[in-house]
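The values are calculated or read from the model by the stated rules, or taken from the named source; none is laboratory data. What you are looking at is a predicted structure, and each value in this text was computed from that prediction instead of being measured. Virtual Cβ from ideal backbone geometry, glycine too; neighbours counted across all protein chains shown.
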Amino acid sequence: MNIRKLLQLGFLPRSTDAGLLVLRLWLGLSLLLLHGWTKLTNLSDMAGKFPDPIGFGSSASLALAVFAEVACALLIVAGLFTRAAALTQTILMSVAFFVVHKGALAGPSSIK
């Protein structure tokens, strides 16, 4: 089946807007629900033992992570300040992957 036939049948969106909306919703809600919500609900329990990869202190690092994973994820979902929110998420996830987890793709976490 060719692309024109699929477009006529309604299987493919006619613009990139629908695809970008789905991508924003999927990415933002995944970050919020899989990362941010756990940190937000367990804020007081995690405050003392959260890693401090860049020297701000455990509580400050946790607050920055919660801001990035909750507030910025909601901004991505809403489509507001998307580039700034995505940049914040990129920085957070890069620090988590390279500094805290030491680039490990699998295996036990270095977080104690």
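A few remarks follow.
- All helices (runs of 4 or more DSSP H) inside the stretch 1-65 with 1 or more residues being over 24 Å from Leu75 (Cα atoms) and at pLDDT below 80: 3-9
- Cβ-Cβ distances below 6 Å connect the following pairs, each with a first residue in the stretch 62-84 that is more than 16 Å from Asn42 (Cα to Cα), a second residue that is among the small types (Gly, Ala, Ser), and a separation of six or more residues or different chains: Cys72/Ala85; Ala73/Gly28; Ala73/Gly36; Leu75/Ala85; Ile76/Gly28; Ile76/Ala85; Val77/Gly28.
- Ser44, sole failed condition from (1) closer than 19 Å to Val99 by Cα; (2) over 17 Å from the mean Cα position of the chain (by Cα); (3) among the small types (Gly, Ala, Ser): (1)
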